[in-house]
Amino acid sequence: MPPPHPSPSRHSWVCSDLTATEALAAALAAQLRPGDVVWLHGELGAGKTAFVRAAAAALGVDRPVTSPTYTVGNRYHAAGGDISHLDLYRSSGVTVEEWGDLEPYFDGAFVFVEWPDAGRGVMPDPRVTVDIEFGSGDARLITLVCDDSGLVNALVAALP
C-alpha cells in the first residue's frame, strides 16, 4: 500500500507593504531547491510579479525581472541556478503539444508560474502554492500552501 499523501500545511501573513512582501518572497526562496515549482495565484495587480522579482533577487538574479505576460516565459541565470518565470494569463489552457514549448523552462530550474490553472494537469505539480490577496492600502494577505510542513515551519520561524 502506498504511503498516505501528506496533508498540506498552510500559513498566512499580512504583508503591510511591498518591503514585507519582498521579505516573505526572499525567505521562501531560501527554502527552495532547483527543480521546485511555485504556483502564484492572485488578481491582476496583486503583486505576483513583485513576489517573483524578490524571490529571484534572493536567488541571485542581478538584472531586472519583468512580467512575461506577452512572452509566456523568461529564464534568468544566477549563481544558485536558473530561475524560470512563466505567466499563463493569456492561455486558455496548455495542451500536451504546447507543453513541449514550456518543458525546457522546468529543466533543473526554480520555476515560478503565474496564472497556473491554465497548465493544470499538464505542468508539474507545485511544491508551494502562493495566494496573494489585496488588503487595505498596500497591504497583501499572502497564503502559502505546501505539503512540506518543514518548509512552512521554517518560514514561520524566520518571519514575524
**Item:** Criterion: touching a strand residue (DSSP E or B) at 6+ places or on another chain (Cβ under 7 Å), at pLDDT below 95 and either loosely packed, with under 14 Cβ neighbours inside 10 Å or among the charged types (D, E, K, R) (or both) - qualifying residue of S12, S67
**Value:** S12
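Rundown of residues vs (1) charged (D, E, K, R); (2) without any contact (Cβ under 8 Å) to a residue 40 or more places away in the chain; (3) touching a Ser or Thr at 6+ places or on another chain (Cβ under 6 Å); (4) over 21 Å from V14 (Cβ atoms), yes/no style:
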{"residue": "A54", "(1), (2), (3), (4)": "no, yes, no, no"}
{"residue": "P104", "(1), (2), (3), (4)": "no, yes, no, yes"}
{"residue": "G119", "(1), (2), (3), (4)": "no, yes, no, yes"}
{"residue": "D125", "(1), (2), (3), (4)": "yes, no, no, yes"}
{"residue": "D138", "(1), (2), (3), (4)": "yes, no, no, no"}
{"residue": "V145", "(1), (2), (3), (4)": "no, no, yes, no"}
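Rundown of residues vs (1) over 15 Å from W39 (Cα atoms); (2) of a type in the set (A, V, I, L, M, F, W, C), yes/no style:
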residue	(1), (2)
H85	no, no
E103	yes, no
F112	no, yes
V128	no, yes
G137	yes, no
V145	no, yes
**Prompt:** Can D138 be described as closer than 19 Å to T21 by Cα, of a type in the set (D, E, K, R), modelled with pLDDT of 90 or more and outside any helix (DSSP H, G or I)?
**Reply:** yes
**Prompt:** on the phi < 0 side of the Ramachandran plot and in contact with a strand residue (DSSP E or B) (Cβ under 7 Å, 6 or more places away or on another chain) - does that describe any residue in segment 91-100?
**Reply:** no
**Complete:** In segment 126-135, residues that are farther than 12 Å from F51 by Cα and either among the acidic types (D, E) or not in a strand (DSSP E or B) (or both) total 4
**Request:** Mind listing whichever residues of segment 112-158 are basic (K, R) and touching a Gly at 6+ places or on another chain (Cβ under 6 Å)?
**Result:** R140
**Message:** What are the pairs with Cβ atoms under 8 angstrom where one residue, in segment 19-43, is over 16 Å from A54 (Cβ atoms) and part of a strand (DSSP E or B) and the other, located anywhere, is among the aliphatic types (A, V, I, L, M) and modelled with pLDDT under 95? Sequence gap at least six, or different chains.
**Reply:** V37/M123
**Request:** Return the residue satisfying two criteria in turn: it lies in segment 70-107 and is of a type in the set (A, V, I, L, M, F, W, C) and not in a loop (DSSP other than H, G, I, E, B), and of such residues it is surrounded by the fewest Cβ atoms within 10 Å (Cβ to Cβ).
**Result:** V96
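The rows are residues; the columns are (1) among the aliphatic types (A, V, I, L, M); (2) in a helix (DSSP H, G or I); (3) at pLDDT below 90.
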| site | (1), (2), (3) |
| --- | --- |
| V113 | yes, no, no |
| P124 | no, no, no |
| I142 | yes, no, no |
| V156 | yes, yes, yes |
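The values are calculated or read from the model by the stated rules, or taken from the named source; none is laboratory data. Small disclaimer: the values here were computed from a predicted structure and weren't measured. With ideal geometry, Cβ positions are generated from the backbone for all residues, glycine too; neighbour counts draw on all protein chains shown.
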